[in-house]
Every structure is written in structure tokens, then in C-alpha cells.
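The structure appears below as C-alpha cells.
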Amino acid sequence: MTVLSMFLKKPIFLIAFFSLAHCQSSGLAPDSTGGQALTTSAWKRPAPLKIDISKDLVDTILQTTHFRFITHNSVLDETDVKEIATKCESGLEALQEFTENNKKIETINYHIYSSIEQKALREKTIKTASIEEETNSVYIVQNQHFQGSQLSLEHKLLIRQLLPKTTIAALEDGLSKHFTKEWQQKGYSYWCGQLYQSNNLPPLEELLNEEIYQNESPLVMGAMSGVFVDFLIEHFGSVVFNEKYGEWSAQELVALKSTWTNFLKERYSNFKIDKGHKIMSTDILKGFNFAHEGYRIYNGYGSQLAKESLEQLASVNSNAVSIVPYSFMRDPRKPRHLLIDHRDGGENDESVLFSHFEAQQLGMHTMLKPQIWLRGSWPGDIEMDSEEDWAAFFDAYYQWMRHYALLAEINGFDSFCIGVEFTKATLSKEKEWRHLIQQIRGIYNGPLTYAANWGKEFEQLQFWDMLDFIGLNCYYPLSKEEQPSKRTLKKGFDRVVQKIEKVTTRFNKPLMFTEIGFRSVDGTWKNPHEDDKGRSFNEKSQALAYEVIFEGVQNKDWYKGIFWWKWPSYLDYKGPTNTGFAPTRKSAEGVVKKWFEKTN
């Protein structure tokens, strides 16, 4: 039994687990990055700041036999919309021929938006494509990043008019993808093949379990559902498939498991995974952890404000960002299913991809770095009480990471981080982590790292040999003094460098600072991970610490780059005199610009 099935059997409802303002960093323990639990209230949709939806220019730009195309401030012209219309009408024709049903189709309203932010504020969902059966409407985002029509959700509306209702979501999803060969660029069959060949494909029972299906990765289950429908059509023929479509039970379909297994084996007997498109950058990476702040549509990863923030980051000569979606655990000693965030104001896939695409357009390396947040704790405290619980934890963590690894592979992230600061879980369960790395390698074909916590975990971790570069979340104290000289601080960092060189020399791997940061407070170097604890705002202290780090890593052979903690998704975050880690609009920003410019 998977941890997801265990979780769903309990009388627990799925809470909106990220209604917090934002965790300050990765953890709370004395040697962690110093986040704090914040008092929160229920998340409410705010009024828009940057986009005034009351001024939408709504235009019915094209009417075809079965579709009415409506644009909302869209940059598409009639020629672009005609291309979409041709695909929609062709899809309908194919579905009618497949179902042998020529009944009259109600006109489908096809709304086209220019951004996920605009669509979310008006339609109350940030998904790049969604449907509303009551009004027979499709809502898509079509721009340079998102090709909403490729998801062809209009197929679902058509299927519901042409075939009986099914209680099995995988059948409806799979049939809609059966007529969308270009799903997620390479097509559902390719992605299912990669999952199958790398032993990452879920068992058939999970595909057909409605609760598991709805809470699992839409990418993993989406690819698998398309191929499963292919299997049913090949096995039974289209006539029987259509007849039984609304009648099949999950139990009947699970009984086909052995035949399904043989089908997969035959289909993918000569399948080749494309492994040649992502390589380790030879450049020194100069960047920040890009933090999703505010937890609102208009100031998170998917917003115009985030685009402006990334442009400002590029202006200080940055060439890299780490994008950090979170999941949540209540208790570090109890395994639970790790939710993928789908909330409009959260680090949902659509917003993560928006920031990724915008950063890449600015010439930046993008790392995907999923993290776990625990209220009042941090990942370093995760330690199960039994081997059974450990197995459940790793099962849940693998399923969660499988989704993000596939998201990174499909969308061309430049590197991927498999975990952040699991101090006890990594040092006590090396075998399990090695197995996880092997599984993720089968999905994501780019450079991999792990973000180790400073101190014991970083210095004693054993599985660096399986990764492409060493990742360090570096919050080592530089001095205990309140007002040390710069020379004293440099000596403090020299001691850190000695620790780093022992590890990099032993494993013969380059190192990346996956996190390093200092608050803009008095004595920021004493315990960089800590909360401000009432200390006064001091931007010079922060700037000095930045200078010491930049000077200390120059010309080091092992130095691969740096992701400072942190750069906010909107530049007005907490104002210019806040005591947080962000250097924006503070003296440290000038230090960053100077050193990023001179670092090759």
C-alpha cells in the first residue's frame, strides 16, 4: 500500500496547506536556514494590482460550425485563431468518426487569454486550460510560453456530448489525449515510454483508483492514461470500447493487468529515451533562489510583477535562478502524502513554468528545487519511528519528486535538485537516497544535485558520487563578534572553505552554493540562518558579508556557482528597510551587481 492510499483511507480532508505568507527559508533548527512559523489566516483572492480585468477587451473574433472563439486582450490575430479553429474542428471530426456519432454538437465557447494571471483573476483558476460544462466553455492561455490549445480540453466537452458518462477519470482523460498526439510536446506515448523504461510507471491499480488518480501527478497519470486508452482500443476494438466506455468498472479493468503489462512490453520494446539535450553548464552560475512571495496571483511566480523582478535580477548580471515549489508535512515523525500545489496563489506548475520560461528568455540557467515545509520544524528533523514509516515516507517523497522531475524534463529546466536539508534522513538512509537518485535519473536527463545543510550533513554525506555537483546550503557563522573587521570575517570564511575543499577533493566534484544568505541586520554573520530576533536593520552589515563571500570564492577550482537566498517574486516585498534576506534595493544589491559582472 502506498502512503497516498494510506492517507486517503484516513478521515482527513485535503487542506489548503500553504495559506501562510511565506516561509523565510528552508528550516528552523539551529543549523538550518532559519525559517519561522508565521501566524496565518485563510487565503482570500485579492483585488488585482497590475491587471485590471474590468478593462478586458473581449472580442468574438471567429465563429465556426461548432466553436465560438472569444479573445480577452489577446495578442492573437484572426489568422492565429483560425489555426486553433482548424485543430478544434479536426478534433471534433475525428471524435465523431471514432464514436460513430453524428449528433448535433452544441456550440462551444472557446475563450483565449494572453496570460495565466489574467485568466486566473477572471476565471478563478490559473490552469492554462480549463473547461466549464455548465456553459459549454473552454478557457485557455495562448502565448509564447503556453500553447493552451495543445491540451485540447475541448475534447472532454465533446466526449461528454458523444459518449455516456464514465466514472473512471483515466478513461476520459486518456481518450482526450488519444486525440492529442502532441500532448506535452513529445506526446503522451513518449512520456509514458520514458516512465515505463525507467521503472517509474505507477501500477495499473493506482491509475484506476479515483482518489489516488486525482491526487497524483497530472503529468505522470496523464501520460499513462493516454496509453491505457490506446491499449483498450487495440485490445477490444473501437466499437466495444465505445459500448463499454460508460459501463466499465475499475475492478474489470484492473483484471486486465497481465495483458496490459504485455502491451507495454511490446509497445516499448525498441523505445529509446532522448538523453542528449541537457548538459552541465561550463559557466560559473551567478544567481538567486527566486522566492514565491505573498501567495497571491498578482505577486507570485506567475505574475507580471515576477517578470519585472526577474528582469531586475538580470540587470544585476545574474545568469541563474533556482525556482522553489513547496509541499507540506505536519509532523517530521509521521509520513504523509505530499501534495502538489494547485492553488491559484501557490507555487503551482503553471506559475513555476511562467517564471522558468521568463528566466530562460533572459538567458538564465534555471534549477528546479522542490522543498518540504514543516510548521515549527524543518526537513532536518524528519526521522521516522519504524522501518514501515520510513518506507512510507520514501514512497511519498518519491511520488512527489517524480512529478517535478518529469515537469523539469518536459520543460527543459537546466538542472534539478533532489532534496533540501534532510539531515537525519540522508545520513541514516543512504541506500534509500541512492535508489531515489537512480529513479530520478530515469526521468530527468540533466544535471542533478542535492542541497545539503551546512555542518554535519554536508561534511558526512556519502552519495555525492552519484550526483553531478555538490550542493551546499551554507549558513556557517563567520564570526561571533558584533563588529568584527573585514579581515576577521574573511578568516572565518577561510575556515568554511577548508571544510568545502575536504569534501570536493574527496569526491572530485564541483560545488554550488545552493543557498547562502545574510539578513540585513546587526551582526548578520554571527548566525546567518537565524530570525532577526529584534535586531536593527543594517544593510551595510549584509553588504559586507556579501563582499566577504564573493572575495572568498574567487579563483577556486571547485567553485561552480552560487544561488543566494533570496530574490523575491515582487520587488516591493516588505519594503526597502526590511530585515530579511533579500538584497533588493539595499546596498548588497550593488555588491551583487559588481561581483557578478566581474565573475566569468
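Taken together, the values in this text are just the output of simple stated rules run on the coordinates, not laboratory data. All figures in this text were calculated on a predicted structure; none of them were measured in a lab. Using ideal geometry, Cβ is built from the backbone for each residue, glycine included, and neighbour counts are taken over all protein chains shown.
Find the centroid of the Cα atoms in segment 201-245 and in segment 518-544, then give the distance between the two in whole Å.
Spelled out, the Cα-based centre of one part sits 54 Å from the other.
Would you mind checking which residues have amide H under 5 Å from His111's amide H? H placed 1.01 Å from N; only 5 or more apart, or other chain.
Ile70, Val138, Tyr139, Ile140
Between the alpha-carbon centers of segment 264-307 and segment 383-444, tell me the distance in whole angstrom.
Result: 17 Å between the Cα centres.
Need the full-extension length gain, Glu482 to Gln147, defined as separation in residues times 0.36 nm minus the C-alpha distance. One decimal, nm. Present the calculation step by step, with values, prior to reporting the outcome.
Details: separation 335, 0.36 × 335 = 120.60 nm, distance 5.42 nm.
Extra length from Glu482 to Gln147 when fully extended: 115.2 nm.
Which lysines have a Cα lying under 25 Å from the Cα of Lys104, excluding residues fewer than 8 positions away in the same chain?
Filter leaves Lys82, Lys87, Lys156, Lys165, Lys177, Lys244.
Which distance in nm do the two modelled labels at Lys424 and Glu388 give, with both placed 7 Å along the Cα-to-Cβ direction?
Modelled inter-label distance: 1.9 nm.
Return Thr86, Thr524, Thr584 ranked ascending by Cβ neighbour count within 10 Å, so the fewest neighbours appear first. It would help to have the intermediate numbers written out before the result.
Details: Thr86 11, Thr524 26, Thr584 23.
Least crowded to most crowded, the residues run Thr86, Thr584, Thr524.
Taking the mean number of other Cβ atoms within 10 Å as a proxy for protection, how do you rank 229-241, 262-274, 551-563, 339-351 from highest to lowest? Write down the numbers at each step before the final one.
Details: 229-241: 16.2, 262-274: 12.7, 551-563: 18.0, 339-351: 22.5.
Taking the mean over residues of other Cβ atoms within 10 Å, the ranking is 339-351, 551-563, 229-241, 262-274.
Which whole number of Å³ per residue matches the convex hull of the alpha-carbon atoms in the chain? The partial results should precede the final answer.
On the way: hull volume 92.3 nm³, N = 600.
Dividing the Cα hull volume of the chain by its residue count gives 154 Å³.
Mean Kyte-Doolittle hydropathy of 0.0 or higher plus an axial Cα length of 24 Å or more: which whole DSSP H helices in the chain meet both?
Numbers: long enough: 78-99 (31 Å, -0.47); 218-236 (26 Å, 1.33); 387-411 (36 Å, -0.37); 486-507 (32 Å, -0.89).
TM-like helix candidates: 218-236.
Taking a ≥ b ≥ c as the square roots of the Cα gyration tensor eigenvalues, with a/c under 1.5 meaning rounded and otherwise prolate when a/b beats b/c, else oblate, which class fits segment 169-273? Provide the component values of the computation, followed by the final result.
Details: a/c = 1.36, a/b = 1.27, b/c = 1.06.
Verdict is rounded for segment 169-273.
Pop a pseudo-label 7 angstrom from the Cα along the beta-carbon direction at both Gln438 and Glu308 and give the gap in nm to one decimal.
Modelled inter-label distance: 5.0 nm.
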